[in-house]
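A short worksheet on the structure shown next.
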Amino acid sequence: MVELIGKQVAAILGWTGAVFVFGVRALREAVRPPFELRELTRQVFEVGWRSLPLIVAAGLAIGVVLSMHTRASLERFGAEALIPGGLALALVRETGPLVTGLLLAGRVGAGIGAELGAMRVTEQIDALEATAVDSFKYLVVTRILACMIALPILTTVMNFTGIIGGFLAETVITGMSFRLYFHRAFSLVEMTDYVPATLKTMVFGFIIGTVASYLGYTTEQGTEGVGRASTRSVVLASILIIVCNVVLVKMTFFVFPEAAG
Amino acid sequence: MRRDTAVRLERVTKAFGGRRILDDVSFEIARGTAFCLLGRSGTGKSVTLKHIVGLIKPDRGSVYVEGEDITALESRELARIRRRMGFLFQNAALFDSISVGENVAFPLRRHTALPDGEIRKRALEKLDQVGLADDYKKMPAALSGGMRKRAGLARAMALDPPILLVDEPSAGLDPITTGEIDELLLTLKKRAGTTLVVVTHNIPSARRVGDELAVIEGGILIAKGTAADLDRSSEPTVHDFMQSSGAG
C-alpha cells in the first residue's frame, strides 16, 4: 500500500516537473525570434474575444447573486450602504480573478488540449515541422502567451460586469441610482486591491496554457488520447489554479501588506 | 559518398518500445532520380521517410541530406535543410483550420517574402497541377481522401523543393488520377531535376516512376536495384511483390 502511494506521488511529481519544464521552455522561447506575432494575435482573439460572452454573462450573474447574499448579511446590521463597496472588493480581490481563471480553464483549456491533441494524432504537428516551422514556438508559445495576455483583460471585464450585475440587483430592490452605486462601489477599492489580484491571473493564464498545451502536444493513443487530453486539461488546470491561488494570495499579502487590510 | 548524392542512409537502426522497426538500413539516392521504397504495411517505409526529413532520429546510424548529416544538426540548421524538402504524409496531414489553398500557400508565406497576390497565384498553380484548382477555398474536411492526398502533394511542391518525399501518393486514388500523379512526379524529375523518394504499394506506379526500387521487409532492406534487377530476384518476398499488380 505504502509502495503504491509512493509510486503515485512520484508519478504526480514527475508529471508536474515535466509540465513546469515545458512551461519554462515556452517562456524562454517566447523572447527569442521569430515571434510569431500573427499567430499570437489570432490566439489572443480566440482566447480573449471568443470568451467574452461567457465572461460577461458569468460576471453579471455573479454580481446579482453576490449582491443578494451581501444584502442578506448586511441588512441584519443595518449596513446596506456597504453593499456596493463590499461587492466590488470581493469581486476585484478574489471572485473575479478566480472565477475567470476557472471559466477559462474550462473553455480554453479544453479547446487547446483537444486542438493540439488532434493535430498531433493527425500528423499536422509533424507536417509543421516538415515545413521547417518550429511547431513548439508556433503552437505552444503563442497559446501560452495568449492566455497570459487575455486573462488579466477578461478579469477586468468580469469585475466590471459583476459590479454592473450588483447594481442591477440593487436598483431593482432599492432604486439606488447608477451614480451613487458606483461612487460607493469604488470608494473602498484601491489600486493595491486591483493590480496584484489582476496580475496574478497572468499566472493562471500561464497554468492554463501550459497544462493544456503540454497534454495536447504530447498526446498519444489516437482519438482516445485527444479526449483524455481535453478532459485532463480542464481538471488539472483547475486544480493547479486553485492551489496556486492560495500561494499567490499569501505572496500578495507579503508584498502588499495594505492589501490584507 | 558521391558528389551527386541527394540522400544517404548509413546503417540506420530504429526501435520503438523494444520493437526494431529499421535494422541497419543503408542506401543512397542520386540527385534527380526517383527512388521507390516498397514493402508490406508496417515494415518501416514511412519511418524511413521520416528519418530523411528529420522527424525521427535514428537510435544508431546517420542520415545525410545533400551531404549534411542531419542527425547531428540543431533545430535551426535542420529547418534550413527541411526548406529544401517537400513531404507528402500518408494521411496528407493538411492543416484543418485553414482552407486548402492556404495550406498550399502556407510554406510560401512562411519562407518567402512574396506579395500576397503572388503567393495566391503560385498556390493556385500547384493546386491546378494536381487537379484541384477549383477547390482553393474549400476546407480540408470537405475533400475526399484522394483529393486531400493531392492537396497534400500540392503543399509539398509549394516551394519547388529539390527533394520530394512522397508517402503513398496513389493510396485512395482511382487509376486515372494515379496515372496523372505519376506523370506529374515524372515531369518534376525531368524538368526541375527533383529527387523523388516515393513510398508505395503500387507496383505499376513504382515501375513507371522509379529509377531505382528497394524492398523493406521487417525493417531490413532486402533488395535494391532497377525494376529489371528486382524482377530477377530469387528472394521470395521481392518476387511476390514484383509479380503482384498491387495498386493503392
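What follows is calculated from the coordinates using simple rules that are stated; it is not laboratory data. The model shown is predicted, which means the values in this text are computed figures rather than measured ones. Heads up, the Cβs are rebuilt from the backbone with ideal geometry, glycines too, and the neighbour counts pull from every protein chain shown.
Calculate for chain B the 222 nm mean residue ellipticity that helices alone would give, adding -39,500 (n - 2.57) per DSSP H run of length 4 or more and normalising by residue count, nearest 500 deg cm²/dmol. Don't jump to the answer; show the numbers that get you there.
Numbers: 9 runs with 88 residues, N = 248.
-10500 deg cm²/dmol, from helical runs alone.
Give, rounded to the nearest 20 debye, the magnitude of the charge dipole that chain B has about its Cα centre when Lys and Arg contribute +1 at Cβ and Asp and Glu contribute -1 at Cβ.
580
Taking 7 Å along the Cα-to-C-beta vector as the label spot, tell me the B:ARG19-A:GLN8 distance in nanometres, rounded to one decimal.
Each label point lies 7 Å from its Cα, and together they span 3.2 nm.
In whole Å, largest first, what are the principal axis extents of the Cα atoms in chain B?
54, 42, 37
Taking 0.36 nm per intervening residue step and subtracting the Cα-Cα distance, what contour gain separates B:ARG83 from B:ALA227 on full extension? Don't skip to the answer; put the middle values down first.
Details: separation 144, 0.36 × 144 = 51.84 nm, distance 3.08 nm.
That pair, B:ARG83 and B:ALA227, stretches by 48.8 nm at full extension.
How big is D for segment A:118-261, in µm² s⁻¹ as a whole number, if Stokes-Einstein is applied with the Kirkwood radius of its Cα pairs at 20 °C and 1.002 mPa s? Intermediate results must be reported in sequence, preceding the final value.
Values: Rh = 18.1 Å.
Answer from the Stokes-Einstein relation: 118 µm²/s.
Going down the table (B:LYS149/B:LYS224; B:LYS126/B:LYS189; B:LYS14/B:LYS189; B:LYS57/B:LYS189; A:LYS137/B:LYS45), which pairs top 25 Å between alpha carbons? Display every interim value, and only then the final one.
Details: B:LYS149/B:LYS224 27 Å; B:LYS126/B:LYS189 16 Å; B:LYS14/B:LYS189 30 Å; B:LYS57/B:LYS189 28 Å; A:LYS137/B:LYS45 29 Å.
Table pairs above 25 Å Cα-Cα are B:LYS149/B:LYS224; B:LYS14/B:LYS189; B:LYS57/B:LYS189; A:LYS137/B:LYS45.
Packing-wise, with mean Cβ within 10 Å as the measure, how do B:104-112, A:50-58 rank, highest first?
Numbers: B:104-112: 20.1, A:50-58: 16.8.
The most tightly packed comes first, giving B:104-112, A:50-58.
For B:SER97 and A:LEU199, what does the FRET efficiency come to when R0 = 30 Å and r is the distance between their Cβ atoms, rounded to the nearest 0.05? Show your work: numbers first, answer last.
Numbers: r = 31 Å, r/R0 = 1.05.
With a Förster radius of 30 Å, E is 0.45.
Principal axis lengths of segment B:129-248 from Cα atoms, whole Å, largest first?
Computed over the Cα atoms, the extents are 51, 28, 26 Å.
Give the average, rounded to an integer, of partner chain Cβ atoms located within 10 angstrom of each Cβ in B:88-96.
Working: counts 2, 6, 1, 5, 4, 9, 4, 6, 5.
The mean count of partner-chain Cβ atoms within 10 Å per residue comes to 5.
How much space per residue, in cubic angstrom, does the convex hull of the C-alpha atoms of segment B:95-160 take up?
On the way: hull volume 4.7 nm³, N = 66.
Hull volume normalised by residue count: 71 Å³.
Arranged from highest to lowest average of other beta-carbon atoms within 10 Å per residue, in what order do the peptides A:8-14, A:200-206, A:69-75, B:4-10 appear? Mind dumping the intermediate values first?
On the way: A:8-14: 10.0, A:200-206: 23.6, A:69-75: 14.3, B:4-10: 19.1.
Highest-to-lowest ranking by the protection proxy: A:200-206, B:4-10, A:69-75, A:8-14.
Could you please tell me the mean projected area of the C-alpha convex hull for the protein assembly as shown, averaged over all directions and given in square nanometres to one decimal?
On the way: hull surface 124.1 nm².
The number I arrive at for the protein assembly as shown is 31.0 nm².
Per 0.36 nm of contour for each residue apart, how much would the distance between B:ASP211 and B:ARG60 grow if the chain were fully extended, relative to their Cα-Cα spacing? The partial results should precede the final answer.
Working: separation 151, 0.36 × 151 = 54.36 nm, distance 2.80 nm.
Computed gain between B:ASP211 and B:ARG60 is 51.6 nm.
With a Förster radius of 25 Å, plug the Cβ-Cβ distance of A:TRP15 and B:SER75 into 1/(1 + (r/R0)^6) and report the FRET value to the nearest 0.05. Display every interim value, and only then the final one.
Values: r = 25 Å, r/R0 = 1.00.
Efficiency, rounded to the nearest 0.05: 0.50.
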